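Before any comments, here is the structure.
Since every read-out is calculated from the coordinates, none of them should be taken as a lab result. Just so it is clear, the structure is predicted and the values come from calculations on it, not from any experiment. So basically every Cβ, Gly included, is an ideal-geometry build from the backbone, and we count neighbours across all protein chains shown.
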Amino acid sequence: MKKQCLLIASVVCVLLSVGCGNSAKLSSVAKELDVQKVEIMKTKELEMQQETIQKFEEKKYEYYLTKEELLTDIGQGIIFRIDTAFQKPMCPIVTGGNWAFYVHENNVVNLEISYSNLIATNGKKFYPYKEQVIVDVISPEGDCAYHFEKLGDEIMQDTSIQKQIAVTPGEWMLQINFAYECDEARSNFKVCAAYESPSEEDICWLREARIGENAANTKGAIQENNVANFALTETGKEFLEYICKTVNDFNSNDKKDEAFWKDFLFLAYTGLWEDDAEIIKVPRDDLGFDEPVVKVSLEDVQSYVRLVFGEELPDFKPSFEEMKKGQTSFFYKEGYYYIGTSDFPDYQYHFVDCTVYEGEGGIYAVAEYNIDFEGESNVGVVRLTLIPADNANGFVVIAKEEVLS
């Protein structure tokens, strides 16, 4: 506001000089007044832009929510909530968003899905995904209790639905995937799931699972150079940069299903070329050409899974015959995975910082990367939660969150 006041004062001075001076100067003075008005308008616009930037730079804890907002939601029995209204050029995307919640006694979950003015251009901006809105509610037995899916142009039809889903005791999963472009007018998007009658046990479970206390029972942040047992090297930073690009969002409570492992393996190897991997040609009658694929051994894949997650790869071996017609190759045969080659969207990830935490459960760290896309800087952020491990990197990844603004 200080700059704006100075500009207004200069306009007053010009008006006073007009009253006392030669009338022949009126034209030039009028032009100067116009310039001053434009400068005032630009100043106001700049201040509004800076206010918007500050709003989005406020540290978000989970999907555009601050930690305080998330705690408030949990206290009200809200399992998950995203409620945004973005404009062009923003392109929000979440893939593999899995949110566990526990039901301690028979209950009902109220689910709201509403959106308007979402744009689908069916281009390669979200490759290998397409514009989509998908919401699933999965029972403790692994059954789908509710499924909502709109793909491509279907998301451009404004939608508002509310469902009540009966839930029984046990650990349930809310799965959310969305990717869309925004228009000049605001694109509104909301998904909210909440217990109809939350118990104290339900709320306590959510708080423990979602605020990060499940990972290390956090008691406070300390500086990285004060923790002798953990250090993120330059090699580790480069490794995590690749993880930003090739691992879907997940948290430490997630059960990694076949869809997770398929996405993980595909993204981990599809972008490799001759200098980094063995490339062979696979005859594809359905495509009309021999497809170049990465050939990687089961042992190498198992070692990479241990390096990233510190766990064993399950017995996941899809066959060539199981692939859909026209699908990019992803199959297993005689000790090798075969994964079709493809390019990634033009996202770049830049290391920002790494904060180490110490709690009763031990040490863990959160590494943060800013995202650039097609010449635009800081279009989002990735946060990777790490715990120390006895491997080449010195850590494994136990959670990933990506938020595009």
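Net charge in the neighbourhood of LYS262 (other residues with Cβ under 13 Å of its Cβ; Lys, Arg +1, Asp, Glu -1) is -1.
Eigenvalues of the alpha-carbon gyration tensor of the stretch 261-311, scaled by 5 and square-rooted, set the equivalent ellipsoid semi-axes at 24, 12, 9 angstrom, largest first.
Restricting the calculation to Cα atoms, the stretch 227-340 yields a radius of gyration followed by a Dmax of 15.7, 57 Å. Whole-Hz Karplus values for the stretch 177-191 come out as 9, 8, 7, 7, 9, 9, 9, 4, 6, 5, 9, 9, 9, 9, 9 Hz, taken residue by residue from phi with 6.51 cos²θ - 1.76 cosθ + 1.60 and θ = phi - 60°; glycine and proline positions read x. Structure note, pairs LYS256/LYS317; LYS262/LYS324; LYS163/LYS245; LYS295/LYS324; LYS237/LYS317: Cα-Cα distances above 23 angstrom occur for LYS163/LYS245; LYS237/LYS317. GLN164 sits among other residues whose Cβ lies under 11 Å from its own Cβ, and their net charge, with Lys and Arg +1 and Asp and Glu -1, is -1.
Rounded, prolate or oblate, given the Cα gyration tensor of the stretch 257-405, with a/c below 1.5 counting as rounded? Note, shape of the stretch 257-405 comes out oblate.
For TYR304 and ALA389, the FRET efficiency from 1/(1 + (r/R0)^6), where r spans their Cβ atoms and R0 equals 22 Å, is about 0.95.
Once the convex hull of all Cα atoms in the stretch 294-379 is built, its volume per residue stands at 157 Å³.
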